[in-house]
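The values are calculated or read from the model by the stated rules, or taken from the named source; none is laboratory data. Keep in mind that this is a model prediction, so the values were computed, not measured. Backbone-built Cβ (ideal geometry, glycine too); neighbour counts: all protein chains shown.
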Amino acid sequence: MRERIERVLNETVRPQLAKHHGDVELLEIEDDVVCVRLLGQCAHCPSAYLTTEEVILAAIQEVVPQVRSVVVRQEISESVLAQAREIWSARHGKS
């Protein structure tokens, strides 16, 4: 199933997201629920959930109809957290 979903993402979804300077990462599939992370400009887009429902889920269900939903995980990377800690420490005189 993962291979078919990756193929849909590569052939259908990623080209559409790339037009908006974005991308998607397939994180996991559990109980017919696909978990993804939006990347680039799409990661902070106010219409990200609409994109997920209308573009990603519809495209995947055409090829893998048993997929019930797509969930977007919004996680902050460790490198972004480290940078934020450095900025906070510099502003508050801590090392």
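Remarks
- Residue in the stretch 5-13 that is among the acidic types (Asp, Glu) and surrounded by fewer than 11 Cβ atoms within 10 Å (Cβ to Cβ) present: no
- Yes/no for Leu27 being touching a residue at least 40 places away in the same chain (Cβ under 8 Å), assigned to a strand (DSSP E or B) and surrounded by fewer than 17 Cβ atoms within 10 Å (Cβ to Cβ): yes
- Matching residues in the stretch 48-76 - criterion: being among the polar types (S, T, N, Q) and either modelled with pLDDT of 80 or more or farther than 23 Å from Val13 by Cα (or both): Gln61, Gln66, Ser69
- Filter result (under 12 Å from Gln16 (Cβ atoms) and either more than 13 Å from the chain's Cα centre (by Cα) or basic (Lys, Arg) (or both)) within the stretch 39-64: Glu54, Ala58, Ala59
- Selection of first residues in the stretch 39-62 that are on the phi > 0 side of the Ramachandran plot and of second residues that are surrounded by fewer than 13 Cβ atoms within 10 Å (Cβ to Cβ), restricted to Cβ pairs under 7 Å at least 6 apart or on distinct chains, gives the following pairs, ordered by first then second residue: Gly40/His21.
- Val34 modelled with pLDDT under 95, among the aliphatic types (A, V, I, L, M) and assigned to a strand (DSSP E or B): no
- The set of residues in the stretch 32-49 that are surrounded by fewer than 16 Cβ atoms within 10 Å (Cβ to Cβ) and within 17 Å of Glu6 (Cα to Cα) comprises Asp32, Val33, Cys35, Leu39.
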